[in-house]
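The values are calculated or read from the model by the stated rules, or taken from the named source; none is laboratory data. None of these values were measured; they are calculated from a predicted model. Cβ atoms come from the backbone with ideal geometry, glycine included; neighbour counts cover every protein chain shown. Protein only, heavy atoms only, side chains kept; ligands, DNA and RNA dropped before computing areas. Shrake-Rupley method; radii C 1.70, N 1.55, O 1.52, S 1.80 Å.
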Amino acid sequence: MIPISRTLILVAAFSVLTSALTSPIFNVKILAKRDISENSAIEGWFNQTVDHFGSNTDIWAQQYMVNYEYYKPGGPIIILTPGEAELSDVYAVSTHFTELAESTNGILVAVEHRFFGQSNPMADLSASSLKYLTLDNTLEDFAQIIRAAKTSPETLFPSANVSTNSTVIFTGGSYGGAIAAWMRAKYPELVTAAWSSSAPVYSYREFYQLDQAFGKHLETRGCVKDLDAILLSGNQTIIDTMQAKFGIVGMPTQDFVAQLANIASSNVNSPVMLNNDMVDRTICSFFNGYRASLDSYLMALVSIVDGYTPPMQFNSSKTGSGRLRMRQSDESVDISLNQVYRSWHYISCTWFADWQVAAPADSGLTSYRSQLITADTWESDCQTVFDDSIALPVDVASHNDKWFGILQNATQIYYTVGELDPWRGSTVILEDNKLLPETLDISMFDMQLSNRLDLNSVNEARRLGDELMIKWIS
């Protein structure tokens, strides 16, 4: 029997952290709810134009929530977006920016992203609707809200006397952090300062860098080696045994790997954002209990998938291209609203790519991901799930020229990025390994509420960030 590959963790647990199609989502599950006043998060709706730069001038309503609890006249307006996540009151009352609002007498406003949650410019998520999901339109949505806050604040904030001269701090984590940086860079007349945490502001078509820092960390704990020992072994009996555990005998190996990675990637909440002990407890210690046999190892993987609820599930029906759909079942025909992964998939297929693949064979780097999955594998799914209007390959060069380019001369942006952050390679670290100004390297997600167990680096990140925000808005 072939030795059990410890690096199947990268398919069924390490990919847990980093699937290209599940995005660098700011995960609210790690945020501890603080004691707050009743009704401190007040819901509001703001009228937006479907296409700010085109002919579709239809109006839709964008959801936002306001926390007035700490506001005093003269305090700043602190804006937070959950990015690709659905808006909830957690964002208005239970992040570090709630604490920042308290210390600055600020008003905290959490704003939902178009095509996520309840903020839908169109009636469905078809490709013809999602063509309005552009970064220019997204940023202009936020800009319109800020303009309203500066010209007629009573329309947004009827429960507070907010000055038209209020300064604005834009904040966010992961994709939301990238939005914060882009808002300061594109609209410096509206946004005074930005706090950009773990922000993927530089895109790659083949993002093999994503696995490197954390993969090496796993190696030191005996979690990772010989990634494709089973998958590329040629031993169809063992591969069939693996698939049988998931009830999908006969699925092509490449499609099996892709589907397993996507399912697993939604289950574990990025322990790399936390601390080394969390890494050990969440990943390594789990799999270290399954060294004895192939059967027990596979049962460990099955136990992960057993925790899933629809719509994420294995899908064994073929697509027109002969591949298996690598998203939730029936996504190619289900265009109904409130599918956050479908909206993010469209963004991946049109803006970011960041397809997560193994390191090139000639790179000298260890591959922590199956060689069976390539950028072409991911992109073949784009036109299947949407339609032929998707231009492939994704033009990341043009995207970077525009959006990474505008950050080069931008000021008053505070960046943080974790040492083990899987998205570290697409954050503010440049190709020459120089950090942009006011960058602090941390090893934990700094956006959550303060906790007595926080690492010193996290506390330092928050302290410096608070000081800079106060300095820049003064």
Q | Tabulated pairs, the range 391-419, first within 17 Å of GLY172 (Cα to Cα) and among the hydroxyl-bearing types (Ser, Thr, Tyr), second open to solvent by 60 Å² or more (accessible area, probe 1.4 Å) and part of a loop (DSSP other than H, G, I, E, B), C-beta under 6 angstrom, 6+ apart or interchain | A | TYR414/GLU438
Q | Enumeration of residues in the range 374-390 that are open to solvent by 10 Å² or more (accessible area, probe 1.4 Å), in a loop (DSSP other than H, G, I, E, B) and either among the small types (Gly, Ala, Ser) or touching a helix residue (DSSP H, G or I) at 6+ places or on another chain (Cβ under 8 Å) (or both) | A | PHE386, ASP387, SER389
Q: Scan the range 57-77 and report the pairs whose first residue is under 17 Å from VAL93 (Cα atoms) and touching a residue at least 60 places away in the same chain (Cβ under 8 Å) and whose second residue is β-branched (Val, Ile, Thr) and in a loop (DSSP other than H, G, I, E, B), with Cβ atoms within less than 8 Å and a gap of 6+ or a chain change.
A: TYR71/VAL162; PRO76/THR167; PRO76/THR192; ILE77/VAL162; ILE77/THR167
Q.
If I ask for residues that are in contact with a helix residue (DSSP H, G or I) (Cβ under 8 Å, 6 or more places away or on another chain) and open to solvent by 40 Å² or more (accessible area, probe 1.4 Å), which ones from the range 53-65 would you list?
A. PHE53
Q: Would you check if there is a residue in the range 159-167 being within 23 Å of THR134 (Cα to Cα), within 28 Å of the chain's Cα centre (by Cα) and not small (Gly, Ala, Ser)?
A: no
Q) What single numbered condition from (1) in a helix (DSSP H, G or I); (2) open to solvent by 30 Å² or more (accessible area, probe 1.4 Å) fails to hold for ASP362? A) (1)
**Q.** Selection within the range 335-359 - assigned to a loop (DSSP other than H, G, I, E, B) and open to solvent by less than 40 Å² (accessible area, probe 1.4 Å)
**A.** GLN339, ALA353, ASP354, GLN356, VAL357, ALA358, ALA359
Q) If you check VAL385 against the conditions, is it modelled with pLDDT of 85 or more, of a type in the set (A, V, I, L, M, F, W, C) and under 29 Å from MET447 (Cβ atoms)? A) no
**Q.** Pair list, Cβ under 6 Å, 6 or more apart: the range 107-136 residue farther than 23 Å from THR167 by Cα, other residue hydroxyl-bearing (Ser, Thr, Tyr) and part of a loop (DSSP other than H, G, I, E, B)
**A.** PRO121/TYR132; ALA127/SER389
Q: Report yes if some residue within the range 449-472 is modelled with pLDDT of 90 or more and in contact with a Phe, Trp or Tyr (Cβ under 6 Å, 6 or more places away or on another chain); otherwise report no.
A: yes
Q. When you scan the range 66-160 for helices (runs of 4 or more DSSP H) that lie fully inside it, which ones turn up with 3 or more residues that are touching a Phe, Trp or Tyr at 6+ places or on another chain (Cβ under 8 Å), surrounded by fewer than 20 Cβ atoms within 10 Å (Cβ to Cβ) and at negative phi?
A. 135-151
